[in-house]
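Undergrad: This is the structure I have questions about; it appears just below.
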Amino acid sequence: MYLTTNAEIDNAQHRSEQRWKTLRADLLDQGAPEALLASIDPLVPDAHLLGRCLTVVATTDGTPYVEHQPDPPTRDIGRCGSLPVFGLLLELQQHAVPHVVVVTDRRGADIVAFGPHERESVTEVGESDGPITKSAPGGWSQRRYQQRAEDTWAENAKDVAAALTDVVREIGARVVVVAGDVRAVQLLREKLDRSVAEIVEVVDGGRSPDGSSDAIAEAARRLAASAAAADTRVVLARFREEMGQHDHAADGPSATIAALNEAKVEILLVPGDVDGADAAWFGADPVPIAPSEQTARELGIDEPERGPLVDVLIRAALGTGAGIRIIPVHAAPDHGVGALLRW
C-alpha cells in the first residue's frame, strides 16, 4: 500500500487515518486478512512525521516492510495479491538521488546529507575562535587585523570543504547544493577537490533564521529531481542506440520475457503505471515467466498464476540480478516495456 501522509496540512494525523480507513476498507473487499491490516494500523498515526508517503509491503507470515518517502504518491494505492506492486516504490526510490545541502557563512557551515532512501544526517562545522568580522580599527594594525579575519574565513572554509568531501564520498552524492554568505561560498568552492566542485550548484539563501530554509530545501529537491531525470534520459538514449544497431536491447513484452528467462537483462525498462491491463504468467520462482498460461506450462511451471505484466517483469528482474529503471509512460519503448541486455 502507498498512503499519502502530509504533515503540511491541518489535522495531519486525522487526515492520514481517514485516508487509511478508506484504503483499508478497499483492501478488505479485495480479500486482505483483517489480522494483516491490523498490523499496519499502528504505522499510520505518526507516519506524517516521517515523510509524505507511507509505503508498506505486508505478508501474513512476516513483519511488514516499511518505508517513508519524501514525496507523496500520485494517489493512495492498496493492492492484495500474489505479487507486490513494487513499481511505484522503485520510482520513488529512483527520485531520491543522494545529495548534500550546505549552508555556509564565515564561521562555518551546516551540512545536511540526504543519503539512500532520503536518510538524513546533519553535520555542523566551524565556529573558529579567530576574528570573524572585518572591522576598521584604524592605525597601523588595521590591515593586519583584516588579514587575520580573512585567514580565519579561509581556515573555516578549509574545514567545511574537508567535512563536505567526506560526506559526499560516504553517501555517493550526485549533487551538492550550496547557499550562504557570498564570500564564504567563494572560499569554500576554492578549497574543494575538482570531483566535488563539479557537482556544486549555488542557490540563494543564508544560514541566519530568515525563512530562506524552505526555499533552499525546494531548490535542493528540484536539482535532485533533475539529476534523476538526467539518469533516465541517459538510459533511454542508450536503449535507442542499441535498438538502432539491432544489438543489446529487447523491445516489447515477448522479447523482454525471453531475455529475462535467459538472465540476459542488464536493465529492465518499465513504466510506473500500476493500472496496466497487460498480464504475464509466473510460478514459484522468479523465472521462467511466460506471456500465456499454455507457454508457462510448456516451460515447466506446474501451477502458473496470472499477474500484472509490470509486476511479473520486476520480480523476474530482481530474481536474476538485473537493474530496473522506471520510465515515463510517454518515453517508454514502442511496446511499453523493454530492456538493455548484458550480451
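Laboratory data are not the source of any read-out in this text; all were calculated from the coordinates shown. Note that the structure is predicted; figures quoted are calculated from it, not measured. We place every Cβ from the backbone using ideal geometry, glycine too, and count neighbours over all the protein chains shown.
Undergrad: Find the relative contact order for the stretch 248-341 and round it to a whole percent, using C-alpha pairs within less than 8 Å whose residues are 6+ positions apart.
TA: Over the stretch 248-341, the number comes to 49 percent.
Undergrad: Roughly speaking, what is the stretch gain from Glu120 to Glu241, that is 0.36 nm per residue apart minus the C-alpha to C-alpha distance, in nm to one decimal?
TA: Stretched out fully, the Glu120 to Glu241 stretch lengthens by 39.8 nm.
Undergrad: If you don't mind, another one. With an 8 Å Cα cut-off and a minimum separation of 6 or more residues, compute the relative contact order for the stretch 2-81 in percent.
TA: 42
Undergrad: Here's another thing I want to ask about it. If we sort 266-275, 41-50 on the protection proxy, mean other Cβ atoms within 10 Å, highest first, what's the order?
TA: So the order, starting with the most tightly packed, is 266-275, 41-50.
Undergrad: Using θ = phi - 60° and the Karplus curve 6.51 cos²θ - 1.76 cosθ + 1.60, what whole-Hz ³J(HN,Hα) does each residue of the stretch 242-250 get, with Gly and Pro shown as x?
TA: 5, 5, x, 8, 6, 10, 8, 8, 10
Undergrad: What translational diffusion coefficient, to the nearest whole µm²/s, does the chain have by Stokes-Einstein, given a Kirkwood radius computed over alpha-carbon pairs, a temperature of 25 °C and 0.890 mPa s viscosity?
TA: It comes out at roughly 106 µm²/s.
Undergrad: So, one more: Checking a compactness column here: for the stretch 2-81, what do you get for Rg(Cα) / (2.2 N^0.38 Å), N being the number of residues?
TA: Cα Rg divided by the expected 2.2 N^0.38 Å: 1.02.
Undergrad: Around Leu260, what is the net charge, scoring Lys/Arg as +1 and Asp/Glu as -1 over all other residues with Cβ under 14 Å from its Cβ?
TA: -2
Undergrad: Order of Arg238, Arg169 from fewest to most other C-beta atoms within 10 Å?
TA: Ordered from fewest to most neighbouring Cβ atoms within 10 Å, Arg238, Arg169 come out as Arg169, Arg238.
Undergrad: Then there's this: Ranked highest first by the average count of other Cβ atoms within 10 Å around their residues, in what order do 2-14, 88-100 fall?
TA: 88-100, 2-14
Undergrad: With Cβ to Cβ distances under 13 Å as the rule, what net charge do the other residues near Ala322 carry (K, R +1; D, E -1)?
TA: +2
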